[in-house]
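First up is the structure itself, then whatever we jot down about it.
No lab work stands behind these numbers, since they all come straight from the coordinates. As the structure is a computational prediction, the values presented were derived from the model and not from experiment. FYI the Cβ positions are ideal-geometry reconstructions off the backbone, even for glycines, and counts take in every protein chain you see.
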Protein chains: 2
Amino acid sequence: MHILITGAAGMIGRKLVHRLAADGALGARGITALTLLDALPPGSPDGFGGTVTSVAADLATPGVAETAVAGRPDVVFHLAGVVSGEAEADFEKGYRVNLDGTRALFEAIRRHGAPYRPRVVFTSSIAAYGSPFPDVIADDFLTTPRTCYGTQKVICELLLADYTRRGVLDGIGLRLPNICIRPGAPNKAASGFFSNILREPLAGREAVLPVGEDVRMWHASPRSAVSFLLHAATIDLTPLGGRRSLMMPGVSVTVGEQIAALRRVAGEAAVRLIRPAFDPMINAMFATIPGRFDTRRAVTLGFHAETAFDAIIEVHIQDELGGVIP
Amino acid sequence: MHILITGAAGMIGRKLVHRLAADGALGARGITALTLLDALPPGSPDGFGGTVTSVAADLATPGVAETAVAGRPDVVFHLAGVVSGEAEADFEKGYRVNLDGTRALFEAIRRHGAPYRPRVVFTSSIAAYGSPFPDVIADDFLTTPRTCYGTQKVICELLLADYTRRGVLDGIGLRLPNICIRPGAPNKAASGFFSNILREPLAGREAVLPVGEDVRMWHASPRSAVSFLLHAATIDLTPLGGRRSLMMPGVSVTVGEQIAALRRVAGEAAVRLIRPAFDPMINAMFATIPGRFDTRRAVTLGFHAETAFDAIIEVHIQDELGGVIP
C-alpha cells in the first residue's frame with residue numbers, strides 16, 4: 001500500500017514515519033511507498049524497503065496537492081498545519097495553510113473521481129472547543145472555537161465530513177489532546193509550557209511556568225498520538241455515521257498535578273527548576289480551555305491512551321532519554 | 001447610514017430592500033445609501049430618497065467584494081447564496097458561491113482595517129444541524145450538517161465568529177427557520193413543498209406533496225424573516241459572547257398540521273388541491289430535519305415570530321394576496 005503523510009517533518013509526523021518504516025506494514029497490508037510532504041524537507045526514514053518520495057512544499061501552493069496525491073495513496077495522514085500561536089499571529093498564513101491547504105488536498109482527491117476513495121486521517125485539536133464549558137465535555141458538545149487555529153480546525157472537520165458524505169474520501173478527524181511531553185525545541189504553540197516544565201527539568205534545565213497551578217489540561221503522550229493515527233487508519237469508520245471527528249482519550253490534570261508527578265518521578269531538584277513567571281495573557285488563554293472529556297465514543301472504537309500522568313513522563317524517559325533521567 | 005445587501009434580488013432580499021426603502025431608516029439612523037448586490041440584477045426600490053447602487057455580480061469573482069464594500073457600508077446584510085438543492089447538485093458552485101463568496105466579503109472588510117468595523121447580519125439555516133437529534137434542540141446543540149449547503153453555512157458561521165473575535169466586523173448569524181409561505185415561483189430549495197402545498201391551493205392551483213404528513217418542520221413567515229434581519233442589525237450583540245450564530249424563533253408543526261391550518265383558513269376545497277406523490281429521497285431528507293427548537297436565547301435578545309401556523313397563512317394572504325383568498 002501507498003501512504004501519504006503531510007506535515008511529515010513535524011514532531012508527530014516524524015514519529016509516525018519512523019514507526020511506519022519500522023513496521024513496514026499498516027494493519028494487515030505491507031507498505032510499498034511513502035510520500036512525505038512538509039514545508040520543511042522531510043527526511044527519509046532508515047530501514048524502509050519501499051519507495052520514499054519527499055516533497056518540500058506547501059499544500060496551499062497551486063499544484064502541490066495534485067502532486068501529493070498523484071500516486072493515489074491508499075491512506076492519507078493529514079497532519080500539516082501552522083500551530084496555534086502562529087495562526088493567531090499571522091492571520092493570513094493560518095487561513096492559507098490550515099484551511100486552503102486542507103481544501104486543496106481534498107479537492108485534489110476529489111478530482112481523481114470514483115472509485116478512488118482514500119482513508120484520510122486528519123489531526124484536529126482540543127482548540128475546536130470554546131467556553132463556556134460544562135464540567136465534562138461529551139462527544140455531542142458543540143464546537144465554538146476561540147482562536148484562528150481552532151476555527152480552521154473545525155472548518156476542516158466540516159469539510160472532512162462533507163467530502164466523506166459525498167464519497168470522495170473516508171475520513172476521520174482526531175481531536176488530539178495536548179501532546180505531552182513534546183520532545184525537542186519549543187515550537188510556536190502557546191501550549192508549549194505544559195511540556196517545557198517537564199522536559200527541561202528532566203534534562204537539568206530551567207523552565208518558565210506562565211500560568212497558575214490550577215490550570216487544567218487534557219494530555220496524551222506522543223506515543224499515544226502515533227497509536228491514535230495508526231488505529232484510525234485501519235478501523236471501520238461506519239460506526240461514526242456523519243459525525244466524523246471526535247476527541248481522543250487522555251489524562252486530565254492540573255499544572256499542579258503535573259508538577260507533583262514530576263516530583264514523584266524525578267524528585268524535588270527537578271521541580272525546583274520550574275520558575276513561575278505569570279503571564280496574564282497566556283493564563284487567560286488556558287483558563288478557558290476544557291480540561292475534562294468523556295471520550296467513550298473513542299474508547300468504544302478502540303482508541304486508548306495513558307491513564308495516569310506519571311505514565312506520560314515515563315514514556316518521555318523511555319522514548320527520548322534512553323530510559324534514564326540524565 | 002449606508003447599507004449593503006447581498007442577495008438583494010432574492011425573495012427575502014427584495015422584501016428587506018422594500019422595507020428599508022419604505023422606512024428610510026434603520027433603528028434611529030436615516031438611510032442615505034443602499035448598495036444592492038446579486039447574481040441577478042437587483043431592481044431599485046420605489047420611493048427611496050437616497051442613493052441606490054445596483055451591482056449584478058458574484059461575490060466570489062475577484063474584485064466584486066472589494067467593490068461592494070468600497071463605500072464602507074455601516075451595515076451588511078449578507079443573504080447571497082446558492083440554495084440547498086443547487087448546492088448539493090453542483091458541488092463546486094455551492095462551495096464557490098456560499099463559502100468563497102462569504103470569505104471574499106469578510107476579507108474585503110478586513111482589508112479596510114480599523115476603525116472600519118461594520119455590523120454584518122448573515123443568514124444561516126436550520127440545515128446547520130444534523131441527526132441524531134434530541135426532542136428539542138437547544139442553543140448549545142452541536143452543528144453537524146448533512147448537506148453541502150449546511151456545511152457551507154456552518155463554515156461561514158465559524159468565519160463570522162472568528163472575524164468578529166478579531167475585531168474585523170460585528171457579526172451575527174441568524175439560523176432561519178423554513179420560510180413559509182414563500183411567494184412566487186418555486187426555487188431549487190428541496191424544502192419548497194412546505195410552501196407549495198399552501199401557496200398553490202390558496203391560488204386555486206394543485207400542489208404536490210412528496211413527503212409523509214408526519215414530517216415536522218420549524219417555520220416562520222417572510223415578514224418575520226425581515227423583522228429578524230432588521231432587529232439583528234440594530235441590537236447590542238455583546239450578550240452573544242463568542243457564540244455568534246443562533247436559531248430564530250418559529251412554529252413547530254407537522255405537514256399534517258400545516259394542512260389542518262389550511263383547512264381552517266381556506267376550507268376543504270383548498271386542501272383537495274394537495275396531491276400526495278411520495279418521493280422517498282425527499283422524504284428521507286426531511287425525516288432527519290430537526291423540527292423543535294428551544295430559542296430562548298433569541299427570544300431574550302428580542303427576536304420574535306408567529307406563534308401559531310394559522311398566523312403564517314394569514315401573513316401570506318395579507319402580504320401577497322391583498323388580504324383575500326382569490
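Here are the numbers for this structure:
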| quantity | calculated |
| --- | --- |
| Placed amide H near A:Val120: partners under 5 Å, 5+ positions off or other chain | A:Val76, A:Asp170, A:Gly171, A:Ile172 |
| Beta bridge orientation in the protein assembly as shown: antiparallel %, DSSP, nearest 5 | 15 |
| Exercise: per-residue mean of other protein chain Cβ atoms within 10 Å, B:157-168 | 4 |
| Modelled FRET efficiency - R0 35 Å, B:Arg205 with B:Thr61, Cβ distances, 0.05 increments | 0.40 |
| Teacher prompt: A:Thr238 distances to equivalent labels in other copies, 7 Å Cα→Cβ, nm | 5.4 |
| Computed [θ] at 222 nm, helices only, for chain B once each DSSP H run of length n ≥ 4 contributes -39500 (n - 2.57) | -10500 deg cm²/dmol |
| Degrees separating the helix B:193-202 axis from the principal Cα axis of chain B, which is the longest one | 70 |
| Separation of alpha-carbon centers, the range B:137-152 and the range A:239-307, rounded to whole Å | 29 |
| Copy-to-copy label separations for A:Arg296, where each label sits 7 Å from Cα toward Cβ, in nm and ascending | 2.5 |
| Exposed-loop-free span, longest in chain B, where chymotrypsin sites (Phe, Trp or Tyr not before Pro) count as exposed if DSSP calls them loop and at most 15 other C-beta atoms lie within 10 Å | B:117-277 |
| Loop-exposed GluC sites (Glu not before Pro) per DSSP, neighbour cap 15 Cβ within 10 angstrom, longest uninterrupted part of chain B | B:1-205 |
| Other-chain or far-sequence residues with amide H under 5 Å of A:Val55's (modelled H) | A:Leu36, A:Leu37, A:Asp38 |
| Antiparallel content of DSSP bridges confined to chain A, in %, to 5 | 15 |
| Residue-count net charge about B:Glu200 - beta-carbon cut-off 13 Å; Lys, Arg +1, Asp, Glu -1 | +3 |
| For B:Leu321, inter-copy label distances in nm, listed shortest first [label point 7 Å out on the Cα-Cβ vector] | 8.0 |
| Globularity index of the range B:18-79, i.e. its alpha-carbon radius of gyration over 2.2 N^0.38 Å | 1.13 |
| The range A:199-217 versus the range B:57-135: alpha-carbon centroid distance in Å | 43 |
| Under 5 Å, built H, 5+ apart or other chain: amide partners of A:Ala138 | A:Asp294 |
| Residue-wise HN-Hα coupling along the range A:238-244, computed from phi with Karplus coefficients 6.51, -1.76, 1.60 (Hz; x: Gly, Pro) | 3, x, 5, x, x, 9, 8 |
| For the range A:187-326, the spread of Cα positions along each principal axis, largest first, Å | 49, 36, 25 |
| For the protein assembly as shown, Kirkwood radius (reciprocal of mean inverse C-alpha pair distance, Å) | 26.6 |
